[in-house]
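The values are calculated or read from the model by the stated rules, or taken from the named source; none is laboratory data. Just so you know, these numbers come straight off a predicted model, no measurement behind them. Cβ sites come from the backbone with ideal geometry, for glycine too, and all protein chains shown count toward neighbours.
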């Protein structure tokens, strides 16, 4: 610790560089992957339903009640020819765009995580919760060790006394470890 303090004391605050470690530990990538897949499947199913049967909202229901009561067997003609675009269709298009963006970001996250595992010489199949849990534990223990060393160094200093040297008063710390009982 003394050597680190002499060369680069900022290294002792390594935990400050990993502020999201606990959240990363508690958000397994496997869970994110499953949820993203489920959302994508649900979006595709909803899009297929709207494409097949159309979608009614209050505006359309007033102009064409038969299309909303389930008696319509085909696509909504107002929506199909572009005269009327339902809020559901707009939502599905927007959601689809966001899912593509999120999927792309998640793919990049997986590549970065794989690279991180390689950098730490870890098994490429290691679960993210296990990896970040181990790293979080290391940071916690490192911070505890720094605090322990600090307490030990402070406990060694017992008192301070003045020394006159060439007309200048200097103060010297006397370490308890210097004296034998």
* Grab the helices (runs of 4 or more DSSP H) fully contained in the stretch 1-91, keeping just those with 1 or more residues being closer than 30 Å to residue 106 by Cα, within 30 Å of the chain's Cα centre (by Cα) and modelled with pLDDT of 60 or more. => 21-25, 29-53
* Consider residue 177 against the criteria (1) at pLDDT 65 or above; (2) loosely packed, with under 11 Cβ neighbours inside 10 Å; (3) in contact with a helix residue (DSSP H, G or I) (Cβ under 9 Å, 6 or more places away or on another chain): it satisfies all of them except one. Which criterion is unmet? -> (1)
* **Scan of the stretch 127-153 for residues that are loosely packed, with under 14 Cβ neighbours inside 10 Å and within 15 Å of the chain's Cα centre (by Cα), ordered by number** => 127, 130
